[in-house]
Amino acid sequence: MSGAGAPVTAPVDCSGLRVAVVAASWHQQVMDGLLAGAERALADHRVEDAVLTRVPGTFELPVAAQAHAEQGFDAVVALGVVIRGGTPHFEYVCSAATDGLTRVSLDHRVPIGFGVLTCDDDRQALDRAGLEGSTEDKGYEAASAALLTAHTLRKVRGGVA
């Protein structure tokens, strides 16, 4: 299982952080699970007014994340799913999304929660979507990672850490 070795972290109070969630629209059932997981993480970390932006697909996540980073958001959660097919499209989209989101994070010094599933088939995606019967909740994990990192950066930038 890919979740083996994951850290055990408790939610921290992230009230006051400006958070955006950018989510692709392909694979609705999987995306519904990822979004629900992200919403649970936001609630657990006491984020009340996150902004949700939907884009057509995973390829469009970096530009939407960049728009929010430019507006001063403290964290962005990027959610999407790409399922391998019979052409190189999978590799191109996965690489572009990963590279683009990394660039946005580093260029704008904003943590991006990477909730992009890159799966060989529908079953793998459903197993990671945080749905009933799933073994993992990548939407929750991505949101929590972005929030914990934003919380840490706030302390570091304030000279506390």
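The values are calculated or read from the model by the stated rules, or taken from the named source; none is laboratory data. Everything quoted here is computed from the prediction, not taken from an experiment. Methodologically, a virtual Cβ is constructed for each residue, glycine included, from the backbone with ideal geometry; neighbour enumeration extends over all protein chains shown.
Of everything in segment 85-104 that is crowded, with 16+ Cβ neighbours inside 10 Å and in contact (Cβ under 8 Å) with a residue 40 or more places away in the chain, the residue that is nearest to residue 34 (Cα to Cα) is 101. Here residue 103 meets each of (1) more than 19 Å from residue 128 (Cβ to Cβ); (2) out of contact with any strand residue (DSSP E or B) (no Cβ under 9 Å at 6 or more places or on another chain); (3) modelled with pLDDT under 95 with one exception, condition (3). Residues in segment 85-117 that are farther than 18 Å from residue 50 by Cβ and part of a loop (DSSP other than H, G, I, E, B): 85, 86, 87, 88, 109.
Sort out which residues of segment 35-49 are under 14 Å from the mean Cα position of the chain (by Cα) and surrounded by fewer than 21 Cβ atoms within 10 Å (Cβ to Cβ), and write them in order of number.
Those that are under 14 Å from the mean Cα position of the chain (by Cα) and surrounded by fewer than 21 Cβ atoms within 10 Å (Cβ to Cβ): 36, 39, 40.
Checked against (1) within 27 Å of residue 155 (Cβ to Cβ); (2) free of Cβ contacts under 8 Å to residues at least 60 places away in the same chain; (3) of a type in the set (A, V, I, L, M); (4) not in a loop (DSSP other than H, G, I, E, B), residue 82 passes all but a single condition, namely (1).
Listed here are the residues, each with its yes/no results for (1) in contact (Cβ under 8 Å) with a residue 40 or more places away in the chain; (2) in a loop (DSSP other than H, G, I, E, B); (3) small (Gly, Ala, Ser).
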residue	(1), (2), (3)
12	yes, yes, no
16	no, yes, yes
31	yes, no, no
40	yes, no, no
43	no, no, yes
47	yes, yes, no
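For segment 18-28, a residue qualifies if it is in contact with a Leu (Cβ under 7 Å, 6 or more places away or on another chain) and either touching a residue at least 60 places away in the same chain (Cβ under 8 Å) or not in a strand (DSSP E or B) (or both), and the qualifying residues are 19, 21, 24.
Applying the set (1) among the small types (Gly, Ala, Ser); (2) under 22 Å from residue 14 (Cβ atoms); (3) in a loop (DSSP other than H, G, I, E, B) to residue 64 leaves exactly one unmet item: (3).
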